[in-house]
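Visitor: I have a structure here, written as structure tokens, and I will follow up with some questions on it.
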Amino acid sequence: QVQLVESGGGLVQPGGSLGLSCAASGRIVSILVMGWYRQAPGKQREAVATITSGSDTGYADSVKGRFTISRDNAKNTVYLQMNSLNPEDTAVYYCYAHLLPTLATRHYDYWGQGTQVTVSS
């Protein structure tokens, strides 16, 4: 079975930095896209940053210039470095992967369990 396991997150003061990582494991042939989404209380889940297998990246306007997404294809791992955090960044952050499992004929979406990021003084 395919699993996405996140690590990182926690409590940080405004202006601080935090890093997240997410490793995909299991019977995987290839991963087209990996990324991060977030969901704040009372709000819909939104895309934060994505990265393709060719390292093309995309960012939400609200995080451009502050967050950096990167990926280690050999380790099936995606990272999110978050700088200049503000209280509006507080949310549960979810790892995402669009991948081809072994024996499958098409790609599927997989999600991590989520990790809490709280920005507060």
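Visitor: If we only count strands (runs of 3 or more DSSP E) wholly inside the stretch 1-68, which ones have 2 or more residues that are buried (at least 19 other Cβ atoms within 10 Å of the Cβ) and hydrophobic (A, V, I, L, M, F, W, C)?
Guide: Where strands (runs of 3 or more DSSP E) fall fully within the stretch 1-68 and carry at least 2 residues being buried (at least 19 other Cβ atoms within 10 Å of the Cβ) and hydrophobic (A, V, I, L, M, F, W, C), they are 18-25, 28-39, 46-52.
Visitor: Another one. So, in the stretch 69-87, how many residues would count as being buried (at least 16 other Cβ atoms within 10 Å of the Cβ), without any contact (Cβ under 8 Å) to a residue 60 or more places away in the chain and not hydrophobic (A, V, I, L, M, F, W, C)?
Guide: Residues flagged as buried (at least 16 other Cβ atoms within 10 Å of the Cβ), without any contact (Cβ under 8 Å) to a residue 60 or more places away in the chain and not hydrophobic (A, V, I, L, M, F, W, C) within the stretch 69-87 amount to 3.
Visitor: Only residues that are of a type in the set (D, E, K, R) and over 19 Å from residue 13 (Cα atoms): list them for the stretch 44-97, please.
Guide: Residues satisfying the conditions are 45, 46, 56, 61, 64, 71, 72, 75.
Okay, residues lined up against (1) of a type in the set (Lys, Arg); (2) within 15 Å of residue 7 (Cα to Cα); (3) at pLDDT 95 or above:
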residue	(1), (2), (3)
38	yes, yes, yes
60	no, no, yes
76	no, yes, yes
83	no, no, yes
88	no, no, yes
112	no, yes, yes
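The values are calculated or read from the model by the stated rules, or taken from the named source; none is laboratory data. Fair warning: this is a prediction, and the values are worked out from it, not measured in the lab. So basically every Cβ, Gly included, is an ideal-geometry build from the backbone, and we count neighbours across all protein chains shown.
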